[in-house]
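The values are calculated or read from the model by the stated rules, or taken from the named source; none is laboratory data. Every value quoted in this text rests on a predicted model; they were computed, and no experiment measured them. So basically every Cβ, Gly included, is an ideal-geometry build from the backbone, and we count neighbours across all protein chains shown. Note: areas computed on protein heavy atoms with side chains; ligands, DNA, RNA excluded. Shrake-Rupley method; radii C 1.70, N 1.55, O 1.52, S 1.80 Å.
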Amino acid sequence: MTEKIALTLTINGHAHAIAVEARRTLADAIREDCGQTGTHIGCEHGICGACTVIVNGEPVRSCLMFAVQAEGKKIRTVEGLADGDTLHAMQQAFMDHHGLQCGFCTPGFLMLAVGVLEREPDISDGDLLDVLSSNLCRCTGYQNIIKAVRAAAAEMRKRCV
Amino acid sequence: MKPAPFVRHVPRTLQQALAMLSQLAGQDGRILAGGQSLVPIMAFRLAKPAHLIDINEVEGLDRLDSDGKALTIGARVRHAAFHGPVVDNPLAALLTYVARHIAHYPIRMRGTFCGSLAHADPASEWCLTTATLGATMIARSTRGTREIAAKDFFDGIMSTALAEDELLAEVRLPLLAADAKFGFNEFSRRAGDFAMASSLVAYRVVDSKIAEARVGVGGAEPSPRRIAEAEAALNGQPPGDAAFRAAALAASDAVDPLEDHQTNAEYRRDLVRVVVRRALEHSLQ
Ligand SMILES: Cc1cc2nc3c(=O)[nH]c(=O)nc-3n(C[C@H](O)[C@H](O)[C@H](O)COP(=O)(O)OP(=O)(O)OC[C@H]3O[C@@H](n4cnc5c(N)ncnc54)[C@H](O)[C@@H]3O)c2cc1C
Ligand code: FES
Ligand code: FES
């Protein structure tokens with residue numbers, strides 16, 4: 001029953017050949033088996049959003065998916081956001097607007113916001129606020145996260161045109 | 001907080017899925033759809049299924065189309081499919097409005113419409129929607145196909161009429177009249193939480209009077225249902241404050257509210273009055 005299954009996870013374009021039990025969550029596989037510890041784990045039951053990653057273009061809770069379900073899919077984590085030394089517009093905006101303090105929730109917020117804005121670049125301010133209610137932050141009081149994401153949204157829209 | 005071991009099965013066709021379910025249901029086998037309810041429950045070890053039949057690769061179950069009478073929603077259709085209009089009918093705007101109240105964006109990317117119905121949380125928005133609009137559930141097993149009316153489907157808290165070897169393959173939601181009005185409201189303490197009470201209403205206005213009223217209440221009783229007393233208070237009345245208040249009061253009188261560690265029956269009854277009135281007011285916006 002605890003038999004391990006060999007599979008390949010593609011994270012930020014790199015193939016990771018691993019062997020995990022079917023019950024291994026994607027979050028645990030990303031961290032423990034692939035060594036990509038940028039993705040954080042808070043609650044392990046879908047409440048906090050710290051584990052948010054982008055799978056085939058969709059922002060999802062990686063603690064609510066099994067690793068075996070992600071085989072053959074394109075997984076993106078916080079490690080893949082920056083382009084060399086140049087931060088992603090969302091990361092830069094979080095720095096500029098003090099969108100983080102301890103930083104525990106930050107990878108999840110970054111992947112949530114980037115994932116949603118790539119799908120819906122013209123999302124309204126109201127809907128964006130609703131999206132940001134998906135994840136928990138115990139430090140910032142959210143206001144600076146909202147400011148950062150709105151600023152990055154404007155920046156990402158500019159780069160699209 | 002780690003799920004117990006299980007064996008994963010990955011059917012590619014409906015026939016394979018039904019055969020696996022028939023074989024494994026008796027050995028503690030279950031369907032894995034979006035996993036947005038099942039995986040948390042497994043993480044808490046409240047469920048330790050020995051086998052999971054993962055239907056995410058089954059072809060054909062992503063059906064989402066209309067034959068002009070009803071919208072058919074297959075077992076792989078995610079909540080997020082309703083973020084935009086899915087059919088040229090007022091039902092589309094209703095589904096979009098309701099969908100955004102379900103959990104959070106990333107959860108809506110994976111959770112399925114049919115999974116919500118099979119899970120049957122009393123506060124589920126889709127359970128309320130199907131109960132209010134009179135959907136038909138299509139249950140399939142190796143024994144055959146059954147059509148189950150929404151009013152016979154929900155059977156108390158997290159319990160349905162599905163047999164353990166039955167897959168909820170699709171749901172048919174009747175389209176609304178072209179001139180139908182709808183309204184929805186729910187109350188929860190935090191965005192994305194399960195509602196403590198919710199209401200969905202739909203009706204037509206014929207000769208300036210309400211006709212064919214449907215008033216559904218969710219989250220307040222073990223299963224969502226239509227409230228005939230509230231519908232009677234609306235039919236034949238002009239839409240407006242007097243009829244809406246009368247219907248809200250009738251609904252709150254009619255329910256037998258759940259109690260939990262946060263709320264007593266009196267409080268929930270009052271919430272029902274408020275959400276029904278707000279849903280009716282929303283129908284005029
Ligand atoms: C933080 C959080 C907040 C949430 N808030 C809400 C909310 O406000 N409102 C709401 O409605 N839901 C909410 N949910 C639950 C979410 O909507 C789930 O997606 C839904 O309840 C179950 O659908 P699923 O596809 O994820 O099913 P799964 O989790 O895969 O399965 C749930 C159950 O249904 C069975 N099942 C699934 N599909 C079928 C089928 N086709 N035939 C037979 N059995 C089947 C499974 O065996 C399992 O027992 C929330 C979840 C989380 C994690
Ligand atoms: S760790 Fe996944 S949502 Fe909290
Ligand atoms: S910055 Fe500390 S939890 Fe968000």
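For every residue, the table says whether it meets (1) away from ligand 2 (no atom under 16 Å from the Cβ); (2) of a type outside the set (Asp, Glu); (3) away from chain B (no Cβ under 14 Å).
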| residue | (1), (2), (3) |
| --- | --- |
| A:Gln91 | yes, yes, yes |
| A:Met95 | yes, yes, yes |
| A:Thr106 | no, yes, yes |
| A:Leu117 | yes, yes, no |
| A:Val149 | yes, yes, no |
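Among the residues of region A:135-146 satisfying the criterion of being part of a loop (DSSP other than H, G, I, E, B) and more than 12 Å from the chain's Cα centre (by Cα), which is nearest to ligand 2 (Cβ to nearest atom)? Outline the logic, then answer.
Within region A:135-146, the subset part of a loop (DSSP other than H, G, I, E, B) is A:135-142.
Checking the rest, the ones that are also more than 12 Å from the chain's Cα centre (by Cα) come to A:136-142.
Values: A:Leu136: 8, A:Cys137: 12, A:Arg138: 12, A:Cys139: 16, A:Thr140: 17, A:Gly141: 19, A:Tyr142: 17 Å.
Among them, the one singled out is A:Leu136.
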For this session: Mind listing whichever residues of region B:252-266 are farther than 20 Å from B:Asp241 by Cα, open to solvent by 80 Å² or more (accessible area, probe 1.4 Å) and outside any loop (DSSP other than H, G, I, E, B)?
Result: B:Glu266
Exercise. For region A:69-79, what are the residues that are among the charged types (D, E, K, R) and not in a strand (DSSP E or B)?
Worked result: A:Glu71, A:Lys73, A:Glu79
Problem set entry | When residues of region A:13-55 are limited to those that are in contact (Cβ under 8 Å) with a residue 40 or more places away in the chain, under 24 Å from A:Cys137 (Cβ atoms) and more than 16 Å from ligand 3 (Cβ to nearest atom), the one surrounded by the fewest Cβ atoms within 10 Å (Cβ to Cβ) | A:Gln36
For this session: Note down all Cβ pairs under 9 Å where the first residue falls in region B:177-203 and is assigned by TED's automatic domain parsing to the domain that holds B:Thr263 and at positive phi, the second is open to solvent by less than 10 Å² (accessible area, probe 1.4 Å) and part of a loop (DSSP other than H, G, I, E, B), and they're at least six residues apart or on different chains.
Result: B:Gly192/A:Ser134
Seminar exercise, completed: Counting only residues that are buried (at least 17 other Cβ atoms within 10 Å of the Cβ) and either basic (Lys, Arg) or within 12 Å of another protein chain (Cβ to nearest Cβ) (or both), region B:82-98 contains a total of 1
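Looking at region B:52-65, is at least one residue closer than 24 Å to B:Leu167 by Cα, among the hydrophobic types (A, V, I, L, M, F, W, C) and in contact with a Lys or Arg (Cβ under 6 Å, 6 or more places away or on another chain)? Working first, answer last.
Initial filter on region B:52-65 (closer than 24 Å to B:Leu167 by Cα): B:52-65.
Still in the list and also among the hydrophobic types (A, V, I, L, M, F, W, C): B:52-53, B:55, B:58, B:61, B:64.
From what's left, in contact with a Lys or Arg (Cβ under 6 Å, 6 or more places away or on another chain): B:52, B:61.
Yes: one or more hits.
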Problem set entry | Residue in region A:41-68 that is nearest to ligand 2 (Cβ to nearest atom), counting only those that are more than 11 Å from A:Ala27 (Cα to Cα) and not in a loop (DSSP other than H, G, I, E, B) | A:Pro59
For this session: Go through region A:80-124 and give me each residue that's surrounded by fewer than 16 Cβ atoms within 10 Å (Cβ to Cβ) and either assigned to a helix (DSSP H, G or I) or within 16 Å of ligand 3 (Cβ to nearest atom) (or both).
Result: A:Met95, A:Asp96, A:His98, A:Gln101, A:Cys102, A:Gly103, A:Glu118
